[in-house]
Each structure stands twice: as structure tokens, then as C-alpha cells.
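Participant: Have a look at this one.
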């Protein structure tokens, strides 16, 4: 497709389980971002990938959160030992990735995670 | 660090009313400023942006002017429609690809 896609669209898991969320960015976009949107809250930056550079992990809330981007395209956000406070919508976005930044980001539909 | 603060909602207006959603920012450099919109059941999408001081972004009747002197980027529309009901997010991007979003303002427009 032409846009950013994410899977699954919804995920229900039990506390303590690990989950993996997937993001397929727009073809040709070298920059990829993960955000978290909790109920009634704004968007919280989690992690940013740019090409082959080391990712900016400054937004990850704990060491239970990690993300990979294979081959400069698809990304997987992993949450280990999930907690109820991890329940949120996880949004992925991509952008062209030009030097200097400040670009428009294109968002996927999100994965709604519920930890019971 | 760099951040944005936007008007708390929810905001409820009648159709054809004038809309202002306030947004102010804190930044050490010269960020680009954005308004994103999230319609019910849809993902975030860019509404408008401005990349330097005094620039005006506009789209779908919405406008926002990058005011460096007041560090503001208020969103305005002269006559809102029911279809404008959504959550609006102010955001800034410093001199890299990091994007900082406000908490969002929910707008409901009643016929």
C-alpha cells in the first residue's frame, strides 16, 4: 500500500507476556518513528530510526521496551513482561529522512494494546 | 527540553463559529511547527505546518502563523463545520527528526 501500515490493529495480552508490534513504513522513507498514545494523553515519543545510524532511544520508558529495524525498512517494537500501564495505542510514522529533519511525518493507523 | 503546550479541551462549538486553539512552544533553536489532526477512527494526519518565523501554514480553511516573539502557533478557522470534529495536536520538530507533540485538543462541532 501507499501508506504506513501496522499490525496487529488490536492486541490483547496478559500481564507479564511479551508482545511484538510491527510497522511497515512508506517505501523509500528512511526515517521511522514510534510513539505511544495513552488514553487522554498526547503522543509520547519512544524511538527514532534514521537510515543506518544508531537509533535515538531516548523516549523508551524502560528497558522492557526495545525496537529493531531490519534492512532499513520494517520495524518491530517489542515490549517484554507487559504491565497494565503499557496499555495504549502505539503509533508508527515515517518520513523521507532528509538531512536537517523537520519533515512531515506520515502516521500508520496504530496498534491498540490492552494488557489485562 | 523542547516542548509544546496547547489549550486543554474539550472544545465544543456550534457550526459556523470561530475557532482558536492555542499552542505555545519552548525551543532552544529554530524548530518547524506543525498541526496534526486525528479524525474519529482515523490515524493522525498533517493539517498544516510552518518552517520559519512569520510563516503562515494553511489548509482546509485552517490557518496558523509562526510567531517567534510570542513563541506561539495558534490554530484558527473562521467558520467551523461538523466535519471538523476531531482531536488537534500541535507539534514541533527541532533541527533533527525528533517530533514533540502537545497533549491534543478535542473539538466537537454541533449542528
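Participant: Go through the range B:44-56 and give me each residue that's part of a strand (DSSP E or B), more than 10 Å from the chain's Cα centre (by Cα) and more than 10 Å from chain A (Cβ to nearest Cβ).
Facilitator: Matches in the range B:44-56: B:50, B:56.
Participant: Can you tell me which condition residue A:2 does not meet? The list is (1) surrounded by fewer than 20 Cβ atoms within 10 Å (Cβ to Cβ); (2) in contact (Cβ under 8 Å) with a residue 40 or more places away in the chain; (3) within 26 Å of residue B:88 (Cα to Cα); (4) more than 10 Å from chain B (Cβ to nearest Cβ), and all the others hold.
Facilitator: Residue A:2 satisfies all of (1) surrounded by fewer than 20 Cβ atoms within 10 Å (Cβ to Cβ); (2) in contact (Cβ under 8 Å) with a residue 40 or more places away in the chain; (3) within 26 Å of residue B:88 (Cα to Cα); (4) more than 10 Å from chain B (Cβ to nearest Cβ) except (2).
Participant: I've got another one for you. Among the candidates B:60, B:49, which residue alone is under 25 Å from residue A:89 (Cα atoms) and touching a residue at least 12 places away in the same chain (Cβ under 8 Å)?
Facilitator: None of the other options fit; the residue is B:49.
Participant: Let me ask something else about it. Can you confirm whether residue B:13 is under 11 Å from the mean Cα position of the chain (by Cα) and on the phi < 0 side of the Ramachandran plot?
Facilitator: no
Participant: Let me ask something else. Of all residues in the range B:32-43, how many are outside any strand (DSSP E or B) and modelled with pLDDT of 90 or more?
Facilitator: Here the count works out to 1.
Participant: To continue, here is another question. Looking only at the range A:15-43, which residues are buried (at least 17 other Cβ atoms within 10 Å of the Cβ) and within 22 Å of residue A:63 (Cβ to Cβ)?
Facilitator: Answer for the range A:15-43, where residues must be buried (at least 17 other Cβ atoms within 10 Å of the Cβ) and within 22 Å of residue A:63 (Cβ to Cβ): A:19, A:21, A:23, A:32, A:33, A:34, A:35, A:36, A:37, A:43.
Participant: Continuing with the same structure: Taking the range B:92-111 on its own, how many of its residues are surrounded by 19 or more Cβ atoms within 10 Å (Cβ to Cβ) and either free of Cβ contacts under 8 Å to residues at least 60 places away in the same chain or more than 26 Å from residue B:14 (Cα to Cα) (or both)?
Facilitator: Total satisfying the criteria: 7.
Participant: Please work out which residue is modelled with the lowest pLDDT, limiting yourself to the range A:70-110 and to residues that are part of a strand (DSSP E or B), within 14 Å of chain B (Cβ to nearest Cβ) and surrounded by fewer than 22 Cβ atoms within 10 Å (Cβ to Cβ).
Facilitator: In this case the residue turns out to be A:106.
The values are calculated or read from the model by the stated rules, or taken from the named source; none is laboratory data. All of these numbers come straight from a predicted model, not from anything done at the bench. We place every Cβ from the backbone using ideal geometry, glycine too, and count neighbours over all the protein chains shown.
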